[in-house]
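Everything on this sheet refers to the single structure shown next.
The values are calculated or read from the model by the stated rules, or taken from the named source; none is laboratory data. Since the structure is predicted, the reported quantities are computational estimates derived from the model, not experimental observations. Cβ sites come from the backbone with ideal geometry, for glycine too, and all protein chains shown count toward neighbours. Keep in mind that these areas ignore ligands, DNA and RNA; they rest on the heavy atoms of the full protein, side chains included. Shrake-Rupley method; radii C 1.70, N 1.55, O 1.52, S 1.80 Å.
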Amino acid sequence: LELRNQAVPVTIGNKKVVTLEDCTLHDMPGITVYGTLTLSRVRMAGCAGSCVLLTDATNNDTLTVRHSTFLGGPGAVGVDIIQCKAGKAAILSQSNVFAGLQTGVRFGALCPGWGEFRNNSFASNGTGIAYQPVASPNNVLRNTLFSGHTTAAVSCGLATFLSRDRHLLFQNASDGCLGGDAGTLSGQDPLYLFAAAGDGCREL
């Protein structure tokens, strides 16, 4: 499935459940989520504003993103979590690429929930992850690569973490709050396969 040049965002209504697999969405406003959304092997590029916008403080459901790619330009945000419910995971993110965005993932002041990030790549964004300016416990950030960020790899805000370790940090203007994390490597080239195209896959 390919969606492009849409005038309005795709909207997932409250208590609705949508799964997108093997899709491409580009040059459009993106997806606004009030219900439950799972993305698997989805490529989003040229988003107008936010690729995915989560905005429902009553929502008990979690945004799940796996093996997907978010490519943007100036002003774009990969996943923008404006509101979420306290005591719940707002996002589970595994093995995704966020590249060329103003912010890869941004948590808003109305999101007291948490995020779980494992095995993701953040490349050449302004900021990789901007955590909440309000207290948010139970965050997980592990085995993640941050390279080429012009502002900061991560801004931790008032977030606290169950686990935060094993990153690779390379040529960021600032590593933010990650520099002293356990098992972290600094200055090691991530060896992207197609760096010029914004591909965050690594050569193994």
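Tabulated results
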read-out	value
Options (1) 20.2, 62; (2) 22.1, 89; (3) 15.6, 45 - which one matches Rg and Dmax of the Cα atoms in Å as calculated here	(3)
Gaussian network model of the chain, Cα within-10 Å springs - most flexible of G108, G126, G187	G187
Accessible-area value, R166, 1.4 Å probe, nucleic acids and ligands omitted, Å²	130 Å²
Gap separating the Cα centres of the range 130-149 and the range 27-48, nearest whole Å	20 Å
Accessible surface, the range 1-78, averaged per residue in Å² (probe 1.4 Å)	47 Å²
Listed residues L193, L178, L39, most fluctuating in the chain (Gaussian network, C-alpha, under 10 Å)	L193
The range 47-53 - phi-based ³J(HN,Hα) in whole Hz, Karplus 6.51/-1.76/1.60, Gly and Pro as x	5, 8, x, 9, 5, 10, 10
Within the accessible area of the range 83-203 (1.4 Å probe), percent carbon and sulfur	52 percent
Lys, Arg +1 and Asp, Glu -1 on Cβ, resulting dipole of the range 11-124 about Cα centre, debye, nearest 20	180 debye
In order through the range 175-192: 3J(HN,Hα) via Karplus (6.51 cos²θ - 1.76 cosθ + 1.60), integer Hz, x for Gly, Pro	7, x, 8, 9, x, x, 6, 4, x, 8, 9, 10, x, 9, 4, x, 6, 5
Gyration tensor verdict on the range 33-73 (Cα atoms; rounded if a/c is under 1.5, prolate if a/b is larger than b/c, oblate otherwise)	oblate
Listed residues L54, L37, L185, most fluctuating in the chain (Gaussian network, C-alpha, under 10 Å)	L185
Charge dipole magnitude, Cβ of K and R +1, D and E -1 - the range 79-167, Cα centre, debye nearest 20	160 debye
Amide hydrogen neighbours beyond the local backbone of T184, cut-off 5 Å, H modeled	R166, H167
